[in-house]
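Let me begin by presenting the structure, written as structure tokens, before commenting on it.
FYI, it's all coordinate maths here, none of it is from the lab. Being a predicted model, the structure only gives us computed values, none of them experimental. Note that we place each Cβ from the backbone using ideal geometry, even for glycine, and neighbour counts take in every protein chain shown.
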Amino acid sequence: MIDPRILRDEPDRVRASQRKRGASESLVDGALAADQARRASIATFEELRAEQKALGKQVAQAKGPDAAEMKAELLARTKAVAAQVKEAEAAQREAEDAWTTALKQIRNIAADETPAGGEDDFVVLETVGTPRDFAAEGFEPRDHVELGKLLGAIDLERGAKVAGSRFYFLTGVGAELEFALINLAMEQAREAGFIPVIAPALARPEAMAGTGFLDQVDDGVYKIEGDDLYLVGTSEVPLAAYHSDEILDTDFLPRRYAGYSSCFRKEAGSAGKDTQGIIRVHQFEKVEMFVYTSLEDAAAEHERLLQWEKDFLDKLELAYQVIDVAAGDLGPSAVRKFDCEAWIPTQGKYRELTSASNCTDFQARRLNIRQRGAEGESNRPVATLNGTLTAITRAIVAVLETHQQPDGSVRVPKALQKWLGREVLTPIA
């Protein structure tokens, strides 16, 4: 959640961010009203508690010929005030809960550099490489579905038979390609100083809420019925909660993790989109970079995450573009997000392969993760950032379609050859 001081001191800044995101500005006014009600409830409770304590002292000090009568009156008054204190305490708890709920409804404050608008209002920051001209090469490119069949790499029919639509089997070189991509990603992450992590694919509601994903339950998140657990859509969730309720020493930062996990998404809002193939599926594997750092270094770390993503796409020898995602297309936690979109030949357009988000202290405040202050200074929230190093299914799509050859074979990018043990993937006999 956002810093309450910013809400109180700069409400117009928060309203401007909500407006930039296409979100409700009235949430700001609601949160301010909730804050005032909370403060008033605290004042009422404290006044009544002070009166209760004062009455207790008066009862103890009552003396003289009228002491019995005085004590009786004081005790009656004490009993009445005690009831009021109990009511005021309950009202204060309700006001605190209402304030917390109202504050959590406000999204992180979008960075000044983030473009305004919705999904189509992104800004292209950079284009890397040139898409292959298959017409000039004299052949029509096959899509990844056809290539997957020729190579014995992707089995969509049996995936649907076993689990339903948007599920699949990776078989033979398809499975080998997935392992090669994971190994390459982990190798790069280790060399960059990331700590490899195999993360849980299930998380408690506290972790989901802390990262801002609980708001997406109806549209995108699987809940395990009968258990208070959710299937994660990214290892960002368990990695963010890894240090929840902890105070991190300054020399511990930055702390970089490369998390591998299975990821699950309902894709409820994508009816009719990418129904063929493995671009938009319910289950996939991913290597996710996650960083804890200081607020001062968050923007620079964001640029570093983007560069690591670009380095990986360069190793896959793909043509891609980097976009600055518009505010209305950001998740609630991010202030800014960069996407790297690879060229998919048979679709004739760029499609998202990776994303990198700067969440500043939004998640850390919810998860109570703080940086230890210097002597004489208070502890303060850290910043968290996340970036996809590789989402396997989409990387497979881009590699197969980009590096295909006229006979249906696929040239293996040099960086993957040592992990696949071959230079070319060939159709099965």
Subject >> Most positive-pole-ward Cα, 98, 194, 30, against dipole of the chain from beta carbon charges >> reply: 98
Subject >> Top of 332, 254, 238 by mean-square fluctuation, Gaussian network on the chain, Cα under 10 Å >> reply: 254
Original post:
Exposure proxy check: 396, 428, 198 ranked by fewest other beta carbons within 10 Å?
Top reply: 198, 428, 396
Original post:
Calculated from DSSP H runs of 4 or more alone, at -39500 (n - 2.57) each and per residue, what is the 222 nm mean residue ellipticity of the chain, nearest 500?
Top reply: -14000 deg cm²/dmol
**OP:** About the Cα centre of region 277-409, how large is the charge dipole given +1 on each Lys and Arg Cβ and -1 on each Asp and Glu Cβ? Please answer in debye to the nearest 20.
**Re:** 460
Original post:
Where in the chain are the helices, taken as whole DSSP H runs, whose Cα atoms extend 24 angstrom or more along the long axis and whose Kyte-Doolittle mean reaches at least 0.0?
Top reply: 173-191
Original post:
Which of 20/349; 337/418; 273/315; 149/310; 149/266; 273/310 have a Cα-Cα distance over 31 Å?
Top reply: 337/418
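Take peptides 384-390, 132-138, 306-312, 295-301 and line them up by average Cβ neighbours within 10 Å, highest first, as a rough protection proxy. Let's see the in-between values first.
Values: 384-390: 27.3, 132-138: 10.6, 306-312: 19.1, 295-301: 15.3.
Top to bottom by mean Cβ count within 10 Å: 384-390, 306-312, 295-301, 132-138.
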Original post:
Where a Cα-Cα gap under 26 Å defines reach, which lysines qualify for residue 79, not counting those fewer than 8 residues away within the same chain?
Top reply: 53, 57, 63, 71
Original post:
GNM, the chain, Cα, under 10 Å: largest mean-square fluctuation among 83, 326, 334?
Top reply: 83
Original post:
Local charge sum around residue 129 (other residues, Cβ-Cβ under 11 Å, Lys/Arg +1, Asp/Glu -1)?
Top reply: -1
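Using the Cα atoms as the points, what is the convex hull volume per residue of region 134-258 in Å³?
Numbers: hull volume 23.5 nm³, N = 125.
Residue-normalised Cα hull volume stands at 188 Å³.
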Original post:
What is the local net charge at residue 302, summed over the other residues whose Cβ is closer than 12 Å to its Cβ (Lys, Arg +1; Asp, Glu -1)?
Top reply: -3
Subject >> Sequence ranges 28-38, 351-361, ranked by mean other-Cβ count within 10 angstrom, highest first >> reply: 351-361, 28-38
Original post:
Which one of 303, 47, 176 has the biggest mean-square fluctuation once the chain is modelled by GNM with Cα springs under 10 Å?
Top reply: 47
Subject >> Selected from 72, 88, 6, residue furthest toward positive end of dipole (region 4-104; charges at beta carbon) >> reply: 6
Subject >> Least to most buried among 57, 315 (fewest other Cβ within 10 Å first) >> reply: 57, 315
**OP:** Place +1 on the Cβ of every Lys and Arg and -1 on the Cβ of every Asp and Glu in the chain, take the dipole about the Cα centre, and give the residue among 390, 167, 357 whose Cα lies farthest towards its positive end.
**Re:** 167
Subject >> Dipole in debye (nearest 20) - the chain, about Cα centre, beta carbon charges: Lys, Arg +1; Asp, Glu -1 >> reply: 880
Subject >> About the Cα centre, charge dipole magnitude for region 4-104 (Lys/Arg +1, Asp/Glu -1 at Cβ), debye >> reply: 340
